[in-house]
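The block underneath contains the structure these notes are about, expressed in structure tokens.
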Amino acid sequence: MPHASQIVHCDGPESPHAFDIIPLQPRNGALDAACPVCKGHGQWNREIDLISFRSIRAICNRCLGAGWIETGSDPLGVPDIERDAAGHPRWYTRIVSGLPDAS
């Protein structure tokens, strides 16, 4: 049986419902400032149903989902997943020199 829905599409973090039901990310101590793109959330809604609050989210490319950025050039460890030769996932920490620019 279908349920009522009111789906809203968000064009980016500046959309009115982009941050509905998305909490701010805690600062982990290694990063300096709230991300200027996602304002500390790390993600935003691309699509949200305002009745059931189910959503499809986009991860912020500026802070890689952390919500916080490094303002200097200190290297950072970013959790990542890659596949080995047999196709199995392997979790590791990728080292990046600061976080990528928004441009």
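The values are calculated or read from the model by the stated rules, or taken from the named source; none is laboratory data. Only a predicted model underlies this, so the values are computations on that prediction, with no experimental measurement involved. Methodologically, a virtual Cβ is constructed for each residue, glycine included, from the backbone with ideal geometry; neighbour enumeration extends over all protein chains shown. For accessibility, only protein heavy atoms count, side chains too; no ligands or nucleic acids. Shrake-Rupley method; radii C 1.70, N 1.55, O 1.52, S 1.80 Å.
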Result of the Cβ filter at 7 Å on segment 62-85, keeping first residues that are at positive phi and touching a residue at least 12 places away in the same chain (Cβ under 8 Å) and partners that are part of a loop (DSSP other than H, G, I, E, B) and polar (S, T, N, Q), at least 6 apart or interchain, is 67/25
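Here are 56, 51: which of them is in contact with a Ser or Thr (Cβ under 8 Å, 6 or more places away or on another chain) and β-branched (Val, Ile, Thr)? Reasoning before the result, please.
Values: 56 fails: in contact with a Ser or Thr (Cβ under 8 Å, 6 or more places away or on another chain).
None of the others qualify; the one that does is 51.
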I need the full set of residues from segment 56-74 which are over 8 Å from the mean Cα position of the chain (by Cα) and in a loop (DSSP other than H, G, I, E, B), in order please. 62, 70, 71, 72, 73, 74
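Going by the conditions given, is residue 31 assigned to a loop (DSSP other than H, G, I, E, B), touching a Ser or Thr at 6+ places or on another chain (Cβ under 9 Å) and closer than 19 Å to residue 96 by Cβ? Before you say what the answer is, go through the steps one by one.
On the way: assigned to a loop (DSSP other than H, G, I, E, B): yes; touching a Ser or Thr at 6+ places or on another chain (Cβ under 9 Å): yes; closer than 19 Å to residue 96 by Cβ: yes.
When the stated conditions are applied, residue 31 passes them.
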Test: residue 42 is more than 30 Å from residue 2 (Cα to Cα), of a type in the set (Gly, Ala, Ser) and in contact (Cβ under 8 Å) with a residue 12 or more places away in the chain: yes
Residue by residue through segment 1-28, note down the ones that are surrounded by 12 or more Cβ atoms within 10 Å (Cβ to Cβ) and not in a loop (DSSP other than H, G, I, E, B). 7, 8
So, residue 51, is that one touching a residue at least 24 places away in the same chain (Cβ under 8 Å), open to solvent by 40 Å² or more (accessible area, probe 1.4 Å), closer than 30 Å to residue 3 by Cα and not small (Gly, Ala, Ser) or not? yes
Output the number of the condition that residue 97 fails; it satisfies all remaining conditions of (1) open to solvent by 90 Å² or more (accessible area, probe 1.4 Å); (2) modelled with pLDDT of 90 or more; (3) among the small types (Gly, Ala, Ser). (2)
Could you grab me the full set of residues in segment 34-48 that are open to solvent by 100 Å² or more (accessible area, probe 1.4 Å) and in a loop (DSSP other than H, G, I, E, B)? 39
For residue 81, state whether it is open to solvent by 70 Å² or more (accessible area, probe 1.4 Å) and either outside any loop (DSSP other than H, G, I, E, B) or in contact with a Gly (Cβ under 8 Å, 6 or more places away or on another chain) (or both). yes
